[in-house]
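Only one structure is covered here, and it is reproduced in the block below.
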Amino acid sequence: MNRLRLFLIPVVAIAFALSAHAARQKPTRPASKTELGTYRGYVVIDAATGNTLAEENADVVNPPASMTKLMTFAVLSDCLQNGGLALDTPVQIENEDAHMGGTQVYLDPREVFPVEELIYAMMIHSANDAAHALARVAGGGSVPAFVQMMNAKARALGMIHSTFRTPHGLTSERQSIDEGDLTTPRDYAILCRHLVLHTDILKYTSVQHRPFGAQRAKGAMQMDNSNKLLGHVAGVDGLKTGYTKNAGYCLSATAERNGRRVISVIMGCFGPKNNEIDRGRSRDLKTAELLGIAFAAIPASTQPTAPAPKPATYAPTPATKSKALTIKSASTPATTVPTPTPQPVSPVAPAAQETSLVAPATSPIAPAAADADDSPAPSVKFELPKKK
């Protein structure tokens, strides 16, 4: 019996030690949680210098969902600049474009639209069918060829943790995470800076409302931008939202105030209650807070840091741009953490239509001081939680 005890004691001790070691090595890193909700990672940069102003888990790997369309725009912009496409190039819609699912402008194979009209649909309404049609045409009739161009662009920009497999960010339930688009907040900040400084992306992403398909027999459909910071947060004029069940709510945003521009990317947001589907409210509030922190961290300048949007060569329908509003952000200090090892996430679910619900505030927001429009400010109110 004594010999048995002497044998069991070290065996049990070793078992406990191995169990403890395994627990320490388990690659779990829960999403950061605040009273605003949860998020997997974010980064905010100065557009002029590329310097990081705030970050947390900025290298966490996450599906970008419909933010994928920003890379689609980057490649399309290259095609437009090198003459491969023109804004008025007619695009004949095909069956494969019309059967994309998710958010759409309901393209029909009998229809023809100019490139720019489809760009507006892709950037304002996040239309998957428009993104597919544009990718097919720009790829010489091949969407896979266009996706190769997206990945080549990512490598050229130094987006070393990004892989694209679609031009729209929509994936099937049958696909594993490795078969979908993947990126990080830091990589996407690189992309957004390129877009702001070297393309006319803001011409499209700053539009809050616009009709699509005026020539249709049933009339045009109204497109509403899913970026609800437009018109609610001072200086915001882009860029793109994204959502799938497992990607969470994502947002690449940019704003310019007093001649300085910042770019914010946040990914994997949910409401504060157990991965709550909050229609992007926590994402929007956290982004508004981060923009305030970022602008407080850089000195004011009289020189703009981004080029003005390029003039359109084709504009079939006038766009509507909303009045900007100011917002007071929380004074929570920015958090900086060491670069984490990218964590795996579960398979991506089909995309849902992106919307956002902004809670009513206790006080109205004053119009932006730099806004030249003297018309009355919109009645929409935007609230950040009170600092405890």
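Structure notes:
- Relative protection proxy for 193-200, 81-88, from highest mean packing down: 193-200, 81-88 (other beta-carbon atoms within 10 angstrom).
- Unsatisfied cross-links (Cα-Cα over 19 Å) in the set K153/K286; K69/K286; K203/K240; K228/K286: K153/K286; K69/K286
- J(HN,Hα) series, region 89-94, from Karplus relation 6.51 cos²θ - 1.76 cosθ + 1.60, nearest Hz, glycine and proline x: 4, x, 10, 7, 6, 10
- 3J(HN,Hα) along region 113-125, derived from phi through the Karplus expression 6.51 cos²θ - 1.76 cosθ + 1.60 where θ = phi - 60°, amounts to 10, x, 3, 5, 4, 6, 5, 4, 5, 5, 8, 8, 8 Hz, with x in place of Gly and Pro.
- Between A86 and H99, the distance separating the two model label sites (each 7 Å from Cα on the Cα→Cβ line) works out to 3.3 nm.
- The HN-Hα couplings worked out from phi for region 136-149 by the Karplus form 6.51 cos²θ - 1.76 cosθ + 1.60 (θ = phi - 60°) are 4, 5, 5, x, x, x, 10, 5, x, 5, 5, 4, 4, 5 Hz, whole numbers, x standing for Gly and Pro.
- Against the rule of thumb 2.2 N^0.38 Å, how large the Cα Rg of region 30-297 comes out: 0.95
- FRET efficiency for the pair S142 and D178, taken as 1/(1 + (r/R0)^6) with r the Cβ-Cβ distance and R0 = 25 Å, rounds to 0.65.
A short reminder: the numbers here are calculations on the coordinates, not readings from a lab. Please read all numbers here as calculations on a predicted model, not as lab measurements. Because the Cβ atoms are built from the backbone with ideal geometry, glycine has one as well, and the counts that use them run over all protein chains shown.
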